[in-house]
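The values are calculated or read from the model by the stated rules, or taken from the named source; none is laboratory data. In this text, all values refer to a predicted model and were calculated from it rather than measured experimentally. Positions of Cβ are generated from backbone atoms using ideal geometry, with glycine treated the same way; all protein chains shown enter the neighbour counts.
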Amino acid sequence: MEFIDVHSHFESIGSEIEKLLSSVRIRVVCVATDKESSLNIIQNGLPYAFVGVHPSCAGSDEDISWLNEIAAVAFGIGETGLDPKYGPLEPQEKIFMKQLDIAEKLQKPVQVHSRNAAKKCLEILGSYKLSRVLMHWFDQEELTKEVNSMGYFASFGPALLYSKKLERIVEKIDTSLILTESDYPIQYTPLRGMSGPVLIPSVVFKVSQILGYKFGDMAELIADNAERFLGRVNSTNAPTPSKA
């Protein structure tokens, strides 16, 4: 049984964490937020590196010519998107669209931050021909139909273990589009401050409970979804998990 954390912010992985993750067969996708972290994860040779500019950094990273130089060797583009928490959306939109231009040109997958701006993000994304899109920590219940129809992946993290709202969203998202993430180093207060990829099996188990599927089958389905998002397999037909 294998698990995949599609969204974490490790910039390097030491021997201790490598040993821990390998013991529970968790693969980690490392996502950057700015120029420095993008260069770090590429230079450290992390296997699933996403490079880009987070909306919180959009104001200070208007020149992203550096991203053109490293995007070709990265797995994908992100974390990018929109978030009104970090100020006016206009400058964020400019950086967001520049990154989508790169993703479209290179046909790279994209990880999108859309807190309190999912509708606008979907509008912008819909104007591009992108190969694969992940709505990271997706929590806009009223937009699940749009996400399904656009074929975008949606990832769920440890907050699912205690959020009734996220449970409802999982029930509405197409099972072939569900992914799991930790958003490390985010800590989850209701889980006594726990964090990291080691929580992924618990998230998968929670998804299996919500949807009424066997744990092993749900893990296989989500792993297959991740392979398709990362572009490691060409199949568009996800397996159908068995009911528990």
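Of all residues in region 25-59 being free of Cβ contacts under 8 Å to residues at least 40 places away in the same chain and assigned to a loop (DSSP other than H, G, I, E, B), which is farthest from D83 (Cα to Cα)? Across region 25-59, the extreme among qualifying residues is R25. Taken together, the residues in region 76-94 that are at pLDDT 95 or above and of a type in the set (A, V, I, L, M, F, W, C) amount to 2. The set of residues in region 154-182 being out of contact with any helix residue (DSSP H, G or I) (no Cβ under 8 Å at 6 or more places or on another chain) and more than 15 Å from A223 (Cα to Cα) consists of S163, K164. For region 73-113, a tally of residues being buried (at least 16 other Cβ atoms within 10 Å of the Cβ), small (G, A, S) and without any contact (Cβ under 8 Å) to a residue 40 or more places away in the chain returns 2.
Pick from region 60-72 the residues that are out of contact with any helix residue (DSSP H, G or I) (no Cβ under 9 Å at 6 or more places or on another chain) and part of a helix (DSSP H, G or I): which of them is surrounded by the fewest Cβ atoms within 10 Å (Cβ to Cβ)? Going through the qualifying residues, I end up with S65.
Between S208, S202, the distinction of being over 18 Å from the mean Cα position of the chain (by Cα), modelled with pLDDT of 95 or more, under 21 Å from E2 (Cα atoms) and not hydrophobic (A, V, I, L, M, F, W, C) belongs to S208 only.
For region 174-212, the candidate set comprises residues that are in contact with a strand residue (DSSP E or B) (Cβ under 6 Å, 6 or more places away or on another chain) and on the phi > 0 side of the Ramachandran plot; within that set, the residue that is surrounded by the fewest Cβ atoms within 10 Å (Cβ to Cβ) is G212.
Residues that are among the charged types (D, E, K, R) and closer than 17 Å to S56 by Cβ within region 100-140 comprise R115, K120, listed in sequence order. For the condition out of contact with any strand residue (DSSP E or B) (no Cβ under 8 Å at 6 or more places or on another chain) and either closer than 20 Å to T180 by Cβ or among the aliphatic types (A, V, I, L, M) (or both), L89 qualifies.
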